[in-house]
Structures are given as C-alpha cells and as structure tokens.
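A.B. asks: Got a structure here, written out as structure tokens. Questions coming.
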Amino acid sequence: MLETLKQTVFEQNMKLKESGLVVLTWGNVSGIDRERGLVCIKPSGVPYEGMTADDMVIVDLDGNVVEGKYRPSSDTPTHLYLYKAFPKVGAIVHTHSTNAVAFAQAGQGITAYGTTHADAFFGDVPCARSLTKEEIENEYEKNTGVVIAETFKDKDYNAIPAVLVKNHGPFTWGKTPQKAVETAITLEEVAKMAIATKQINAQTERVGQYLLDKHYNRKHGKNAYYGQGEKKE
C-alpha cells in the first residue's frame with residue numbers, strides 16, 4: 001500500500017540523519033495521500049540504522065494504523081492535526097536540530113536578517129506559545145498541532161512553511177517530503193546565521209521589507225525567475 005510514498009518518506013527520514021539534523025531516533029518525516037486520506041510516517045523510536053521503507057507506518061486521519069508492524073511516531077497526532085488545518089500541505093517534518101531548538105527553548109522566533117532567510121521564508125519564523133498544563137496533560141501531541149495552527153491564524157503557512165514550538169523544537173512542511181526536508185535544512189542554517197549575526201552585532205535590525213520581498217518573490221512569486229523553471233518540449 002502506498003509503496004511510492006513509503007519509499008519517499010523513508011528516504012527523506014534518512015536524509016534528516018544524513019544532514020545532521022537528527023541524532024539517535026529524534027525527528028520524523030511524514031507524507032500524505034490526500035485522495036485516500038492516508039498518512040505515511042516514521043515508526044516510533046526505531047533506529048535509523050537498519051530502517052527500511054517497509055518499516056514506515058500508514059495511518060488514517062484519525063490515527064488508526066492501516067498498515068505497519070510498528071507503532072507510528074509519537075508525534076503523529078501533531079502531523080494529523082496540521083494536515084487537517086493546512087490543506088495544501090503534502091508533507092511535514094519535525095526535528096530537534098540544535099540551533100532551531102535553541103530559539104524554541106528561548107521562546108523566540110527567528111528574525112529575517114537577510115536574503116538567505118528571505119529566499120525560503122516570507123517573514124520571521126514564529127515561535128508558538130507555550131502549551132498550558134491542561135493541554136500538556138490531555139492530548140499533548142494533538143495540542144502541539146493546535147498551538148501551531150493557532151500561530152498561523154493570521155499568517156500564510158505556505159509563505160512561512162516553518163514554526164518553532166516553545167521549549168520543544170521546529171516543524172516544517174511543504175508540498176512533498178523532499179521539499180519539507182529541504183525547508184528543515186534551510187531553517188537550521190538560517191537559525192545558525194541568526195545566532196551568529198546577533199553575536200557580532202546585538203543591535204542588528206531586520207532586513208528591509210523591499211529586499212525581503214525581492215528575494216522571496218524571485219523564487220516563489222507569480223513572476224519567479226530563479227532557477228530553470230519548467231522545461232518546454
């Protein structure tokens with residue numbers, strides 16, 4: 001079932017490890033088949049070493065296991081909530097990458113300081129509020145999705161495909177697992193740059209909106225011209 005999606009999700013989970021974004025069994029990638037309403041996600045606590053595409057778990061949007069020999073990631077309820085809240089998202093990534101987590105633990109979003117940030121995110125990457133004691137004790141993982149969706153009630157989740165969950169870590173998303181992982185890699189690099197920038201000059205100001213607009217739109221806007229685009233026969 002969903003063999004192509006399982007292979008892709010497996011490969012992108014492995015890419016998190018190869019990219020240095022996860023250690024031990026931390027982190028997960030999922031992808032959704034919107035037509036069938038099924039999600040493929042990494043199994044919970046299974047080491048990356050020796051993991052195969054057959055180890056991926058298929059669940060429905062209510063969290064019921066449809067196929068798989070393992071339990072799905074403990075973060076599955078967060079992924080499922082976001083798939084429902086963000087209907088244009090095709091894949092979700094969660095990591096505990098060092099620099100992004102540092103911002104999450106500090107309870108601060110990542111300010112857009114330059115064009116590297118603007119190439120991927122159309123504005124600052126926000127940090128969600130803390131979960132309440134009640135939210136943590138009752139459906140913690142689902143409520144993590146709730147606070148993320150709440151954070152984007154007045155933001156475009158397609159234009160800023162990432163968030164930090166306070167005291168926890170980053171989540172990113174995209175149309176495909178490949179794109180969501182690419183965004184996770186970019187987020188970690190942007191976080192590292194932001195920390196270095198503030199160390200050099202604590203008074204550094206946010207990038208001008210006109211430059212942010214230019215760099216974001218030349219890659220993602222209606223008249224984008226970065227890259228080679230679609231080849232015409």
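The values are calculated or read from the model by the stated rules, or taken from the named source; none is laboratory data. These figures come from a predicted structure and were not determined experimentally. Note that each Cβ is placed from the backbone with ideal geometry, even for glycine, and that neighbours are counted across all protein chains shown. SASA here: full protein model, heavy atoms, side chains in, ligands and nucleic acids out. Shrake-Rupley method; radii C 1.70, N 1.55, O 1.52, S 1.80 Å.
A.B. asks: Students often get this wrong, so check it: of Lys42/Lys155; Lys84/Lys155; Lys6/Lys84; Lys192/Lys219; Lys17/Lys42; Lys133/Lys179, which have C-alpha atoms separated by over 24 Å?
C.D. replies: Over 24 Å apart, Cα to Cα: Lys42/Lys155; Lys133/Lys179.
A.B. asks: Follow-up question, since we're still on this one. With every protein chain present, what is the per residue accessible area of the range 33-165 (1.4 Å probe, Å²)?
C.D. replies: Per residue, the range 33-165 has 44 Å² of solvent-accessible surface.
A.B. asks: Debye sum, Cα scatterers, the range 100-211, no solvent: what log₁₀ I/I(0) at q = 0.21 1/Å?
C.D. replies: So the normalised log intensities are -1.17.
A.B. asks: Give me the Kirkwood hydrodynamic radius of the range 24-69, using the inverse of the mean 1/r over all pairs of distinct Cα atoms, in Å to one decimal.
C.D. replies: Numbers: mean 1/r = 0.0900 Å⁻¹.
About 11.1 Å, per the Kirkwood formula over Cα pairs.
A.B. asks: Cα-based Rg of the range 1-53 per 2.2 N^0.38 Å, rounded to two decimals?
C.D. replies: Expressed relative to 2.2 N^0.38 Å, the Cα Rg reads 1.12.
A.B. asks: Computing the accessible area with a 1.4 Å probe over protein heavy atoms, can you report the carbon and sulfur percentage for the chain?
C.D. replies: Of the solvent-accessible surface of the chain, carbon and sulfur hold 48 percent.
A.B. asks: Same structure, new question: Specify the residue with the greatest mean-square fluctuation among Lys219, Lys175, Lys142, computed from a Gaussian network of the chain linking alpha-carbon atoms under 10 Å apart.
C.D. replies: Comparing Lys219, Lys175, Lys142 in the GNM, the peak value goes to Lys219.
A.B. asks: If you don't mind, there's one more thing I want to ask. From the phi angles alone, apply the Karplus equation (6.51, -1.76, 1.60; θ = phi - 60°) to the range 37-47 and give each ³J(HN,Hα) in whole Hz, x where the residue is Gly or Pro.
C.D. replies: Working through the residues one at a time gives x, 10, 10, 10, 8, 4, x, 6, x, 8, x Hz.
A.B. asks: Moving on to the next point. Considering the Cα positions of the range 22-125, please state its Rg to one decimal place and its Dmax as a whole number of Å.
C.D. replies: Looking at the range 22-125, its Cα Rg and Dmax stand at 15.6, 45 Å.
A.B. asks: Could you tell me how many degrees, from 0 to 90 and to the nearest 10, lie between the Cα long axis of helix 177-200 and the main elongation axis, the longest principal axis, of the Cα atoms of the chain?
C.D. replies: That works out to roughly 40 degrees.
A.B. asks: Taking a cut-off of 22 Å, what percent of all Cα-Cα pairs in the chain are separated by more than that? Don't skip to the answer; put the middle values down first.
C.D. replies: Working: 13989 of 27028 pairs.
I get 52 percent for the Cα pairs in the chain exceeding 22 Å.
A.B. asks: Taking the Cα atoms of the range 105-161, report the difference between the largest and smallest coordinate on each principal axis, in whole Å and largest first.
C.D. replies: 41, 23, 16
A.B. asks: Which order do peptides 110-117, 133-140 fall in by mean Cβ count within 10 Å, highest first?
C.D. replies: Order by mean packing, descending: 110-117, 133-140.
A.B. asks: Hey, how many Å between the Cα centroid of the range 67-141 and the Cα centroid of the range 180-233?
C.D. replies: Result: 19 Å between the Cα centres.
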